[in-house]
Amino acid sequence: MSIAIEPGAGAPAATAPQAGAIKVTMILSGAVFTLMMVFGLIMRAAQGQWIELDPALFYQILTAHGAGMVGTAALSGAAILWYFSGRHVVLTAGIFWAFLCLFLLGVVLILGAIFIGGFGGAWTFLFPLPALSGGAWEAGAAAAFMLGYVAIGVGFLLYYLELGRQIHARYGSLVRALGWNLILGREDDNPPPPTIVAAAAVTIFNSIGIILGAAVLIASLVHLLVPGFEVNALLAKNLIYFFGHVFINASIYMAVTAVYEILPEYTGRPWKSNRVFALAWNAVLIFVMAVYWHHLLQDVVMPPWMLVVGQLVSYFSGIPLIAVTAFSTFLYVRGSKMTWDLTSSLLVLSVAGWSVGSIPASIDGMISVNKVMHNTMWVPGHFHTYLLLGEVAMAFGFMAWLVRGKTISEMGTLDRAAFGTYLAGAAGFVTVFLFSGAASIPRRWAVHYEEWLTHDRIGTVFSVLVVLATLVFVVRFVTRLGRNED
Amino acid sequence: MKMMGLTVLAIAEAVALRGGTIESPIQHVLVQMPLLALAGMVGVHELRIRQYWAIPFLLLALTTFLFWMLPRNVDWALTPAGELAKYISLPLLLGLPLRLCWPRLGPILRGFLKANALSMLGVLGFLYTHAPIRICNSYLVSAQQDLGFAFLYLAAALACLWALPVLFGYPRWLPDAAAGCIKCGA
Ligand code: HEM
Ligand SMILES: [Cu+2]
């Protein structure tokens with residue numbers, strides 16, 4: 001594999017990134033993404049009444065789709081970040097395998113809880129829903145679901161401990177890795193490359209998220225198994241949304257390193273950290289944690305100032321980083337003769353999708369809008385935009401790059417068709433969600449009214465396109481892996 | 001010698017606190033018990049063990065810890081038999097093995113234990129501040145809630161203590177701290 005760019009200033013201490021483990025992880029991610037998309041398709045078709053689906057099963061599938069997609073987004077993001085961090089620091093392979101095993105253990109527990117135990121309380125496990133199933137599932141199923149989360153959380157904790165430790169060893173402190181020397185205008189003979197800045201920021205905020213998430217998970221478990229123990233519901237909701245918001249955002253912030261590391265091969269210009277870049281990441285580090293209040297805008301018992309902070313920070317949270325990333329991408333791409341193969345197309349698309357998706361997100365972060373939009377399809381509309389067209393596109397772009405080989409050539413017919421189908425399908429799919437939201441169609445309803453069916457059916461058609469294109473991406477990846485291996 | 005003195009001092013203070021432990025669970029659980037464990041730690045501060053003892057010692061320390069975490073055992077510690085068990089087990093079965101195994105544990109494991117300690121303090125805070133029942137029979141509900149908040153403050157303090165060196169690097173005026181207790185609970 002020819003790597004045209006130089007990994008960071010100073011002598012690269014890194015060994016070869018752990019390609020084997022990463023490829024295995026990406027095969028798993030691709031397979032689970034596909035399966036979960038089929039689940040999404042089934043839900044959409046059921047809402048459109050094209051197929052018959054027992055509502056209990058709908059909620060189980062909704063839970064599996066939510067947890068599975070968020071988990072896989074995080075898994076693929078983690079693989080990407082690990083791979084590229086390996087260009088700058090030496091990471092212990094054993095930790096990644098332990099992470100992967102714990103992750104899979106979690107998946108088994110979660111799937112068992114849902115499809116054997118019947119758990120359908122959604123991926124957010126909002127207290128006290130897991131304990132109030134109304135007979136739909138036993139406490140054991142909810143407990144298995146939460147234990148699955150705990151296993152995944154422990155896996156991620158090990159992952160970040162190793163990442164943080166090695167960054168700390170190489171850069172002396174995490175604030176240096178966050179680019180504080182760049183920000184403060186101090187001399188730095190070995191400034192952190194963009195990937196390391198991202199890794200340091202994600203390590204910090206996701207570790208905090210996991211530690212708090214573990215606390216609320218265990219407290220919920222205790223409540224579930226020993227009902228005498230009550231938990232403060234508002235505090236639990238705060239912690240759950242802190243954890244959930246931080247965790248899903250981290251998946252994008254990890255995956256974006258693929259853009260930083262791969263696009264330079266196409267533009268011929270290395271992506272370097274500078275002051276604005278470092279500032280943007282430091283802002284993200286704070287904002288991503290301060291913004292979760294936008295999930296609680298309907299909770300009238302929350303202190304008003306928190307909600308106002310939630311609203312204000314919502315405007316700013318994505319903007320610095322997205323602006324810096326999107327703007328730099330635009331400049332790099334415009335000034336160079338790019339070859340548009342599947343990798344570069346998907347990566348550039350992902351930056352665009354991420355940016356576009358943040359617009360409806362910020363709109364929903366306004367208290368006045370949220371009063372109307374809170375539980376409508378607007379919400380799945382905006383997050384499917386930056387996940388489907390953002391994070392997942394980054395992951396597929398990374399997969400295409402892993403099997404690209406040394407030569408970069410224009411897309412063939414199949415690639416072009418798959419890319420176009422994916423773009424059209426995903427864009428159409430999320431637009432329908434946004435329209436439905438604007439029409440006040442609620443989210444998370446298994447059974448829809450007559451008047452809504454047109455929306456659902458158009459959405460279903462678009463999701464078929466997404467699934468087809470995804471199949472091409474994944475099958476193409478797996479077959480080329482086999483070819484490259486020897 | 002200095003260390004022995006400190007050990008005796010810690011135990012003496014713990015004994016002196018006997019009265020306080022009956023009134024307040026904070027003095028019991030967050031002052032006296034840690035002092036007893038600390039006595040065991042400083043007592044063996046200079047000793048080193050072989051690698052293969054690390055995991056058994058860790059398990060021993062964790063088991064003791066778990067035992068004293070259960071509210072009913074905290075109640076029991078106020079009876080004469082329980083009190084004796086507390087005075088013996090916390091220094092000898094928690095502080096001592098923990099101190100001996102700690103330098104032998106890998107950095108990831110240590111970081112994991114620290115992160116876990118933070119989460120668990122959070123859980124305890126969660127439960128103790130809001131439980132509608134008395135978890136320990138020997139203490140008032142209001143004292144129980146105070147204890148819950150004390151757990152949360154402790155978690156916050158420990159989080160800062162452990163995270164600051166990772167964030168900002170080791171303070172230069174603490175030269176040997178880095179070798180003995182590498183912090184990695186980011
Ligand atoms: C073909 C692609 C996809 C389809 C057809 C699809 C479909 C759906 C549908 C129908 C819902 C429920 C909407 C409702 O509330 O009524 C949903 C929810 C959700 N989807 Fe997707 N989705 C797709 C891709 C993704 C991706 C790529 C991700 C993340 C990486 C994702 C994450 C989620 C999440 C987190 C929820 C919320 C679950 C909940 O409300 O508890 N989806 N999706
Ligand atoms: Cu959020």
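Quick rundown of the values:
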item	result
In segment A:248-276, the residues that are open to solvent by 10 Å² or more (accessible area, probe 1.4 Å), hydroxyl-bearing (Ser, Thr, Tyr) and more than 16 Å from ligand 2 (Cβ to nearest atom)	A:Tyr266, A:Thr267, A:Ser273
For A:Leu158: the one exception among (1) at pLDDT 95 or above; (2) in contact with a Gly (Cβ under 8 Å, 6 or more places away or on another chain); (3) facing chain B (nearest Cβ under 7 Å)	(2)
Every pair of residues 6+ apart whose Cβ atoms lie under 7 Å, when the first sits in segment A:350-372 and is in contact (Cβ under 8 Å) with a residue 24 or more places away in the chain and farther than 19 Å from A:Phe287 by Cβ while the second is open to solvent by 30 Å² or more (accessible area, probe 1.4 Å) and within 16 Å of ligand 2 (Cβ to nearest atom)	A:Gly353/A:Tyr386
Pairs where the first residue, in segment A:424-441, is away from chain B (no Cβ under 14 Å) and the second is within 16 Å of ligand 2 (Cβ to nearest atom) and assigned to a loop (DSSP other than H, G, I, E, B), C-beta under 9 Å, 6+ apart	A:Phe433/A:Arg443; A:Ser436/A:Arg443; A:Gly437/A:Arg443
Spans of helices (runs of 4 or more DSSP H) in segment A:312-405 with at least 3 residues more than 16 Å from ligand 2 (Cβ to nearest atom) and either more than 14 Å from chain B (Cβ to nearest Cβ) or among the aliphatic types (A, V, I, L, M) (or both)	A:342-364, A:367-373, A:392-402
Sole residue being within 30 Å of A:Val154 (Cβ to Cβ) and more than 14 Å from chain A (Cβ to nearest Cβ), chosen from B:Leu78, B:Leu93, B:Leu124, B:Leu109	B:Leu93
Verdict on A:Leu28 being among the hydrophobic types (A, V, I, L, M, F, W, C), away from ligand 1 (no atom under 11 Å from the Cβ), open to solvent by 20 Å² or more (accessible area, probe 1.4 Å) and more than 30 Å from A:Tyr171 (Cβ to Cβ)	yes
Condition met for A:Ala250 (within 16 Å of ligand 1 (Cβ to nearest atom) and either part of a helix (DSSP H, G or I) or touching a Leu at 6+ places or on another chain (Cβ under 9 Å) (or both))	yes
Among (1) more than 16 Å from ligand 2 (Cβ to nearest atom); (2) within 12 Å of chain B (Cβ to nearest Cβ); (3) open to solvent by less than 30 Å² (accessible area, probe 1.4 Å); (4) assigned to a helix (DSSP H, G or I) - the single one A:Asn238 does not satisfy	(1)
Selected residue (only one of A:Ala233, A:Ala201, A:Ala142 is within 14 Å of another protein chain (Cβ to nearest Cβ) and open to solvent by less than 40 Å² (accessible area, probe 1.4 Å))	A:Ala201
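The values are calculated or read from the model by the stated rules, or taken from the named source; none is laboratory data. If you're wondering where the values come from, they're calculated on a predicted model, not measured in any experiment. Glycine also receives a Cβ, built like all others from the backbone with ideal geometry; neighbour counts cover every protein chain displayed. Areas reflect the complete protein model, heavy atoms only, side chains present, ligands, DNA and RNA absent. Shrake-Rupley method; radii C 1.70, N 1.55, O 1.52, S 1.80 Å.
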